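Report on the structure given below.
The values are calculated or read from the model by the stated rules, or taken from the named source; none is laboratory data. Note that this is a predicted model, so its numbers are computed, not measured. Positions of Cβ are backbone-derived with ideal geometry, glycine not excepted, and every protein chain shown enters the neighbour counts. Only protein heavy atoms, including side chains, enter the accessible area calculation; ligands, DNA and RNA are left aside. Shrake-Rupley method; radii C 1.70, N 1.55, O 1.52, S 1.80 Å.
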Amino acid sequence: MRERQVMRLVALGLSDAEIARRLSVSKRTVYNWVSSLQDKLGLENRVELALYYLGLLPHCRGWRGM
């Protein structure tokens with residue numbers, strides 16, 4: 001659930017600081033979540049993470065655990 005929230009907020013273009021404020025967590029926690037998602041999905045950066053969330057990046061490993 002939280003991973004989906006983070007991906008959605010990344011897709012909306014929010015920074016780690018903005019996401020942290022919205023979710024009432026630290027910037028470091030958001031950074032760790034984003035890094036973890038990128039690792040799970042085999043993505044290089046947050047742009048690819050946003051594209052994956054939007055369904056516009058079909059070539060990644062395709063982890064569907066969310």
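Listed here are the residues, each with its yes/no results for (1) within 12 Å of the chain's Cα centre (by Cα); (2) basic (Lys, Arg); (3) modelled with pLDDT of 95 or more.
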residue	(1), (2), (3)
11	yes, no, yes
14	yes, no, yes
20	no, no, yes
26	no, no, yes
34	yes, no, yes
54	yes, no, no
- Query: From the set of residues in segment 37-56 that are open to solvent by 70 Å² or more (accessible area, probe 1.4 Å) and either in contact (Cβ under 8 Å) with a residue 12 or more places away in the chain or basic (Lys, Arg) (or both), which is nearest to residue 5 (Cα to Cα)?
  - Reply: 53
- Task: Could you grab the pairs with beta carbons closer than 8 Å, sequence gap of 6+ or different chains, first residue in segment 12-36 and within 12 Å of residue 46 (Cα to Cα), second one open to solvent by 60 Å² or more (accessible area, probe 1.4 Å) and assigned to a helix (DSSP H, G or I)?
- Result: 14/22; 16/27; 16/31; 33/2; 34/46
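When you look at residue 6, is it open to solvent by less than 20 Å² (accessible area, probe 1.4 Å) and modelled with pLDDT of 95 or more, yes or no? Explain how you work it out, then say what you get.
Details: open to solvent by less than 20 Å² (accessible area, probe 1.4 Å): yes; modelled with pLDDT of 95 or more: yes.
So residue 6 passes the test.
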